[in-house]
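Structure first, then comments.
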Amino acid sequence: PLSKPAMSSASKLQQDLDCEIARLEQDLIVLKRRRNALSPVSQLPSEILSKIFYFGLHFLQADEKTRTEILPEDTRLSISHVDHHWRTVALESPELWSEIHVRDTTKTEYLTLAMDNSKMQPL
């Protein structure tokens, strides 16, 4: 079995490697953001991108046999998961969040977010 000094040394080495991995992961995030900023869509002003996102809320999904509505909340979720810039633009666009859709599958804990806490008026 390993002695305490040997385990301590191994633990320190692992900790150092974990720190180096974390630093490299941060460097990778920065590089990916720089690369994404070079794409043509990233050159669009935030106001234009926001309008595109808004118009995308009410699209239909079409396949060979059927056309179904894509839920606005799914569109918002997808938009906000593309990259850091899109997420920032989406979160800073009030028109994307001005409508609340309540369905029979909506979890009740989400409904409390939609209530005005100062007046506690139900929907």
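Some observations on this one:
- Taken along the Cα-to-beta-carbon direction at a fixed 7 Å, the label points for SER46 and ASP104 span 4.1 nm.
- Candidate residues THR105, THR75: accessible-area rank, largest first, probe 1.4 Å: THR105, THR75
- Projected label distance in nm at GLU73 and ASP16, using a 7 Å step from Cα toward the beta-carbon: 5.0
- Carbon/sulfur fraction of accessible area - region 16-89, other protein chains in place, 1.4 Å, %: 61
- Exposure check, 1.4 Å probe, all protein chains in place: ASP74 carries approximately 70 Å² of accessible surface.
- Take ILE21: with every protein chain present and a 1.4 Å probe, its accessible area is about 90 Å².
The values are calculated or read from the model by the stated rules, or taken from the named source; none is laboratory data. Because the structure is a prediction, the values reported are computed rather than measured. Every residue, glycine among them, receives a Cβ derived from its backbone with ideal geometry; neighbour counts consider all protein chains shown. We work out accessible area using only protein heavy atoms, side chains counted, and drop any ligands, DNA or RNA first. Shrake-Rupley method; radii C 1.70, N 1.55, O 1.52, S 1.80 Å.
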